[in-house]
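To start, the structure under review is shown below, and the notes come after it.
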Amino acid sequence: MLRYALKRLISLALSLAVASVVIFAVIEVAPGDPASFMLGVNAQPETLAALRAELGLDVSRPQRYLNWVSGMLAGDFGTSYTYRTPVAQMVADRLWVSLPLALYALTLSTLIAFPVGIYAAARRGKPGDLAVMGATQLGIAVPNFWFAMMLVLIFAINLRWFNAGGFAGWDNGLWAGLHSLTLPAIALALPQAAILARVMRSALLDILGEDFMRTARAKGLSRRQALWRHGVRNALIPVLTIIGLQFSFLLAGSIIIEQVFYLPGLGRLVFQAISARDLIVVESVVMLLVFAVITVNFLVDLAYAAVDPRLRSRT
Amino acid sequence: MSLLEIHNLSLSIHGAPVLDHVSLSIDPGQIVAVTGESGSGKSMTALAVMQLLPAGTVATGSVRLDGHAVLNSPEDEMCRLRGAAVGMVFQEPMTALNPVKTIGDQVMETILIHKAMPRDAARTRAQEVLTRVGLPPDRFPLSRYPHELSGGQRQRVVIAMAIALRPRLLIADEPTTALDVTTQAQILDLLKGLVTEYGMGLLMITHDLAVVADMADRIVVMQKGRVVETGATDHLLRHMQHPYTRMLFQASGHRVALPAPPAPAPLLEVRNVVRDYRLPRTRLFEKPVHHRAVDHVSFTLNRSERLGLVGESGCGKSTLTRAILGLEEVQRGQILLDGQPVFTGHKPNLAVRRKMQVVFQDPFGSFNPRHRVARLITEPFHLLEAPPTGSERQHRIAEMLTAVGLSPDDAGKYIHEFSGGQRQRIAIARALMIRPELILFDEAVSALDVSVRAQILDLLAELCAAYDLTYLFISHDLSVVRTITDRVMVMQSGKIVEQGETERVFADPQHPYTQTLIQAVPKLPEIGQGAA
């Protein structure tokens with residue numbers, strides 16, 4: 001198990017290194033010089049040169065890459081071209097919204113999907129299963145911003161249980177922060193839960209047809225006992241894969257929901273940075289997201305091995 | 001009173017009749033074998049006793065287990081009986097165990113689910129039964145996972161789970177069909193021993209009469225959901241009444257007459273072939289370890305000769321087959337067909353490849369279900385530089401289908417319209433299509449019922465006479481190899497340990513491994529032959 005984890009860790013480090021090169025290269029080939037963009041078309045060549053030196057754009061590309069990577073390792077992500085503030089601080093502020101939101105949504109989606117998926121699988125073809133299949137079909141088809149608007153309409157405007165948007169911040173306590181993230185988290189979680197519930201259901205149905213489920217029944221386990229003791233854990237592998245993918249999506253892909261609820265999250269930061277050609281911010285956020293995705297994949301790999309002993313020995 | 005009493009049991013699944021007035025009984029300490037071909041209803045009979053029938057089954061009649069009426073009895077009552085009063089062992093040991101739980105947990109579960117004893121005692125009992133089935137905890141700790149065990153060892157774990165609570169009745173559904181002959185002999189011994197030791201009744205389901213001939217007290221022969229003949233083993237084998245029983249008996253010992261092979265002229269030459277697989281490294285900088293699947297194998301297959309290759313699973317016969325077909329490159333040695341190498345450089349030699357065809361084991365998985373038969377059997381044409389077209393092609397299709405005993409009209413059908421035996425005929429037609437010089441039969445009759453197998457063997461004998469076939473027949477089934485080959489090679493851990501004329505090797509095996517193999521093959525007693 002330890003060797004397996006170590007191997008995964010090495011592959012994680014390599015992926016990060018490769019990703020950093022690719023991101024740097026892509027940003028480099030993108031047209032437009034940030035300095036001339038910031039100063040406008042009428043800038044004096046001397047001013048431009050001074051700004052380029054200040055931004056560290058006047059050295060060779062490999063040197064810039066090394067500066068960028070070594071800066072990141074030391075926690076220095078550079079200075080935003082547009083806001084003239086340290087990128088690290090900007091990203092950290094936004095991360096304190098996006099990361100809790102993603103975790104919140106993922107927790108909700110898992111809490112909904114597991115029981116629903118297991119319930120449907122246990123009642124295959126019966127009314128309960130059909131209802132779940134219909135509801136999840138709808139959950140996948142309806143875009144999450146529509147859910148978001150409906151939630152705002154019902155719970156914020158009519159019932160006044162929640163604010164329609166904005167983020168209270170963590171300074172007013174954990175509860176206030178969670179409260180303001182609840183509606184966005186639900187809006188994000190519903191479509192994800194629908195997908196996850198379907199994956200759980202079909203994975204379990206595959207397992208229910210396995211020979212060892214029949215063996216379990218022959219030992220005297222009831223249908224329900226066999227499902228819980230032998231079915232669920234075996235069905236976890238595909239479910240974990242989807243959870244990993246969903247987390248990555250939730251972290252970066254919630255820009256529309258952030259827009260609807262007016263949340264200061266990573267998605268909006270990237271969007272604004274791209275519009276303003278603030279490449280250093282784009283670079284940093286993308287690198288951060290890559291780091292998050294690769295780390296999540298690493299955790300999912302560890303979870304696979306925890307679930308399935310065959311992966312542990314096959315190092 | 002009998003331990004198990006099945007009386008006039010009839011079953012239908014969604015209206016389709018499966019069992020028709022089946023009656024049989026088992027006494028404590030008695031072994032009753034139910035035999036018949038696939039679709040005869042023997043497994044359904046077993047599942048009816050367990051009440052683990054598929055959804056939509058309607059049952060009438062009565063099944064009494066130790067005095068309890070089990071048919072249509074409530075589910076929670078059945079849960080109390082299953083595992084405690086009656087245990088069951090299944091056919092596929094490779095998939096019968098949960099891959100993510102240890103063998104100890106799985107054996108203990110039988111005990112704990114019935115709340116028979118506290119956890120500590122259950123652990124001790126699990127160790128005892130695992131020891132009893134031949135997996136002592138000092139060599140096979142309870143913390144082992146199924147994937148760390150071989151097929152035979154897994155079947156022992158399944159048996160341990162089934163007997164952990166000393167049930168009065170044990171049901172074994174084809175318990176050895178998926179195992180090698182030597183492992184099969186050990187598992188049968190174990191089951192026999194358990195019956196005597198615990199005084200259990202054993203209901204043994206098998207398609208192979210020979211397996212139960214020297215083990216069962218009674219034999220029940222089933223055909224199409226009905227019991228056609230039943231009796232004490234000795235008596236039944238001596239005085240078979242029903243034609244179906246006789247047919248089964250004859251088919252399982254079926255012999256064919258092959259035309260005499262001509263003077264030896266080498267076709268396939270395998271010289272000193274070595275195939276290594278690199279094993280995953282266990283430490284980062286150690287030298288990679290290799291597993292030698294084929295170890296300096298040399299042999300010659302003459303034109304128009306029928307050569308057999310036997311050995312247990314994992315002995316390297318599949319690897320050797322793939323190497324001959326040019327599907328895998330070998331590390332050392334040479335494989336020549338008609339003097340030309342099957343591998344040139346690092347690529348298979350197409351000129352040689354088109355002289356070989358292969359027939360695989362699984363008649364269900366080896367065809368594309370969306371193509372018609374005509375397209376399926378003409379697939380080898382793509383190996384030819386100028387494949388026949390138009391009427392010549394139609395003629396070839398018709399000729400081949402007729403040759404394998406099908407009708408030319410079958411060319412327009414899809415594969416799902418055919419039975420297993422017919423599919424294997426189609427596979428043979430596909431192999432013969434381009435008149436290859438060499439055919440490889442890889443367990444080609446192993447998945448078939450005995451009567452169908454007998455027909456396919458007859459077909460092969462006919463085709464040998466008509467088309468002058470040269471083939472390599474790879475099988476773990478020694479009785480088939482004995483009748484369908486002129487010469488045989490015995491393979492053990494990558495090496496050919498014995499080769500020679502088939503009759504000579506079977507009658508007078510020289511190598512100890514060959515002797516063990518032949519010893520382990522279940523034999524039908526001679527007595528039946530006279531009556532049949």
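The values are calculated or read from the model by the stated rules, or taken from the named source; none is laboratory data. Computed from a prediction, not measured in an experiment: that's the story for all the values here. Heads up, the Cβs are rebuilt from the backbone with ideal geometry, glycines too, and the neighbour counts pull from every protein chain shown.
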Quiz item: Quick check: is even one residue across the range B:218-233 in contact (Cβ under 8 Å) with a residue 60 or more places away in the chain, among the basic types (Lys, Arg) and not assigned by TED's automatic domain parsing to the domain that holds B:Ser12?
Solution: no
Among residues of the range B:190-232 being modelled with pLDDT of 90 or more and among the acidic types (Asp, Glu), the residue farthest from B:Gly87 (Cα to Cα) is B:Glu229
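For the range B:434-453, give me each residue that is over 21 Å from B:Val480 (Cβ atoms) and in contact (Cβ under 8 Å) with a residue 60 or more places away in the chain. I'd like the intermediate steps shown before the answer.
Here is the first cut: in the range B:434-453, the residues over 21 Å from B:Val480 (Cβ atoms) are B:434-437.
Result: B:Ile434, B:Pro436, B:Glu437.
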- Answer yes or no: is there a residue in the range B:92-101 that is in contact with a Leu (Cβ under 8 Å, 6 or more places away or on another chain), of a type in the set (Asp, Glu) and within 10 Å of another protein chain (Cβ to nearest Cβ). no
Screening B:Leu47, B:Leu19 for residues that are under 23 Å from B:Gly231 (Cα atoms), modelled with pLDDT of 90 or more and assigned to a helix (DSSP H, G or I) leaves only B:Leu47
Within the range B:22-42, the residues that are surrounded by fewer than 22 Cβ atoms within 10 Å (Cβ to Cβ) and modelled with pLDDT under 90 are B:Glu37, B:Ser38, B:Gly39
Looking for something exposed (fewer than 15 other Cβ atoms within 10 Å of the Cβ) and either in a helix (DSSP H, G or I) or among the β-branched types (Val, Ile, Thr) (or both) - is there at least one such residue anywhere in the range B:55-69?
yes
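Yes/no matrix, rows are residues, columns are (1) touching a His at 6+ places or on another chain (Cβ under 6 Å); (2) in the same structural domain as B:Ala444 (by TED's automatic domain parsing); (3) under 25 Å from B:Leu457 (Cα atoms):
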| site | (1), (2), (3) |
| --- | --- |
| B:Pro288 | no, no, no |
| B:Asp295 | no, no, no |
| B:Arg306 | no, yes, yes |
| B:Glu312 | no, yes, yes |
| B:Asp338 | no, yes, no |
Of those in the range B:103-151 that are in a helix (DSSP H, G or I) and touching a Gly at 6+ places or on another chain (Cβ under 6 Å), the residue surrounded by the fewest Cβ atoms within 10 Å (Cβ to Cβ) is B:Ile113
Counting only residues in the range B:401-419 that are buried (at least 16 other Cβ atoms within 10 Å of the Cβ) and in contact with a Pro (Cβ under 9 Å, 6 or more places away or on another chain), the one modelled with the highest pLDDT is identified as B:Leu401
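Looking at A:Ala92, A:Ala53, can you tell me which residue is out of contact with any helix residue (DSSP H, G or I) (no Cβ under 9 Å at 6 or more places or on another chain), surrounded by 12 or more Cβ atoms within 10 Å (Cβ to Cβ) and within 30 Å of A:Gly166 (Cβ to Cβ)? It would help to see each step written out before you state the result.
On the way: A:Ala53 fails: within 30 Å of A:Gly166 (Cβ to Cβ).
Only one candidate qualifies: A:Ala92.
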B:Glu526 vs (1) modelled with pLDDT under 90; (2) under 25 Å from B:Asp362 (Cβ atoms): all pass except (2)
- Within the bounds of the range A:245-255, is there any residue that is without any contact (Cβ under 8 Å) to a residue 24 or more places away in the chain and closer than 20 Å to A:Ala120 by Cβ? no
> Within the range A:269-290, can one find any residue that is buried (at least 20 other Cβ atoms within 10 Å of the Cβ), touching a Lys or Arg at 6+ places or on another chain (Cβ under 7 Å) and away from chain B (no Cβ under 12 Å)?
Replying inline: yes
Restricted to the range A:291-315 and to residues being within 14 Å of another protein chain (Cβ to nearest Cβ) and among the charged types (D, E, K, R), the residue surrounded by the most Cβ atoms within 10 Å (Cβ to Cβ) is A:Asp308
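Does B:Ala85 count as under 30 Å from B:Ile13 (Cβ atoms), of a type in the set (A, V, I, L, M, F, W, C), surrounded by fewer than 21 Cβ atoms within 10 Å (Cβ to Cβ) and within 11 Å of another protein chain (Cβ to nearest Cβ)? Spell out how you get there, then give the answer.
Details: under 30 Å from B:Ile13 (Cβ atoms): yes; of a type in the set (A, V, I, L, M, F, W, C): yes; surrounded by fewer than 21 Cβ atoms within 10 Å (Cβ to Cβ): yes; within 11 Å of another protein chain (Cβ to nearest Cβ): yes.
Answer is yes for this residue.
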Picked from the range B:58-77 (must be touching a residue at least 24 places away in the same chain (Cβ under 8 Å), in contact with a helix residue (DSSP H, G or I) (Cβ under 8 Å, 6 or more places away or on another chain) and closer than 16 Å to B:Leu169 by Cβ), the residue nearest to the other protein chains (Cβ to nearest Cβ) is B:Leu65
Over the range B:406-427, the set of residues touching a residue at least 24 places away in the same chain (Cβ under 8 Å), among the aliphatic types (A, V, I, L, M) and touching a helix residue (DSSP H, G or I) at 6+ places or on another chain (Cβ under 7 Å) is B:Ala411, B:Ile415, B:Ile426
Filtering the range A:210-266 down to residues that are surrounded by fewer than 21 Cβ atoms within 10 Å (Cβ to Cβ), within 14 Å of another protein chain (Cβ to nearest Cβ) and assigned to a loop (DSSP other than H, G, I, E, B) yields A:Glu210, A:Ser222
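Residue by residue, here is whether (1) closer than 26 Å to B:Leu53 by Cα; (2) at pLDDT 90 or above holds:
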position: A:Ala168; (1), (2): no, no
position: A:Asn172; (1), (2): no, no
position: A:Thr182; (1), (2): no, no
position: A:Pro191; (1), (2): no, yes
position: A:Arg201; (1), (2): yes, yes
position: A:Asp206; (1), (2): yes, yes
position: A:Arg214; (1), (2): yes, yes
Quick check on the range A:288-308. Is at least one of its residues hydroxyl-bearing (Ser, Thr, Tyr), touching a helix residue (DSSP H, G or I) at 6+ places or on another chain (Cβ under 9 Å) and at pLDDT below 85?
no
The condition from (1) within 13 Å of chain A (Cβ to nearest Cβ); (2) surrounded by fewer than 20 Cβ atoms within 10 Å (Cβ to Cβ); (3) touching a residue at least 12 places away in the same chain (Cβ under 8 Å) that B:Thr177 misses is numbered (1)
The residue from B:Ile434, B:Ile439, B:Ile377, B:Ile397 that alone is farther than 30 Å from B:Gly308 by Cβ and buried (at least 20 other Cβ atoms within 10 Å of the Cβ) is B:Ile397
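Tell me the residue from B:Pro280, B:Pro243, B:Pro261 that is within 27 Å of the chain's Cα centre (by Cα) and either surrounded by fewer than 15 Cβ atoms within 10 Å (Cβ to Cβ) or not charged (D, E, K, R) (or both), please. Reasoning before the result, please.
Numbers: B:Pro280 fails: within 27 Å of the chain's Cα centre (by Cα); B:Pro261 fails: within 27 Å of the chain's Cα centre (by Cα).
None of the others qualify; the one that does is B:Pro243.
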